[in-house]
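Right, one structure below, let's go through it.
Since every read-out is calculated from the coordinates, none of them should be taken as a lab result. What you see is a predicted model; the values in this text were computed from it and never measured. All Cβ positions, even for glycine, are placed from backbone atoms using ideal geometry, and neighbour counts span all protein chains on display.
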Amino acid sequence: MSNVKKVAEGTNFTAVDMGKLALLPETANGKAFLKEMTKATGTEISLSVLPARTDLPIFHSHKQNEETYIILSGEGKFQVDDQCVDIAEGSVLRVAPAGLRGMTNSSDEQMIYIVIQSKENSLEQYSMEDGVLLEATPLWK
């Protein structure tokens, strides 16, 4: 997806603009990988578009990374190994590396979804265990 552009960068962040998600192109190759553009070091995040009434053209697994799929629009089926579940806007699925996965969009609208990929069992701290509350002056005021 060529509409992804870097909008800001600092010592501790990189920001990109994906544009309006509802306007993403309906192509079978409609996938934007964000790791390089955001300079991420612990995750790969991708945004994908699957056209209406289309199967994802590949089944795949991973060697060491789990994936979390977040469905933003559309509906269909998601298969892991020998099980198939219904998916729709708001569905979230975590798939272990060895899980053979594939999906289909059975709706009349494009399916937009996010995939977050990270090394299985690598998250040692999260939320308030890792977060540090600090005083700061909001720049937006």
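A few remarks follow.
- Amide H contacts of Gly74 (H built 1.01 Å from N, under 5 Å, at least 5 apart or other chain): Glu89, Ile112
- Per-residue [θ]222 nm for the chain (sum of -39500 (n - 2.57) over DSSP H runs n ≥ 4, rounded to 500): -500 deg cm²/dmol
- D_trans [Stokes-Einstein, Kirkwood Rh over alpha-carbon pairs] for segment 53-105, 25 °C, 0.890 mPa s, µm² s⁻¹: 218
- Taking other Cβ atoms within 10 Å as a rough exposure proxy, Phe59, Phe33 sort from fewest to most as Phe59, Phe33.
- Counting every other Cβ atom within 10 Å of each residue's Cβ, Ile58, Ile112 order from fewest to most as Ile58, Ile112.
- Pairs of alpha carbons in the chain whose separation is greater than 25 Å (percent): 36
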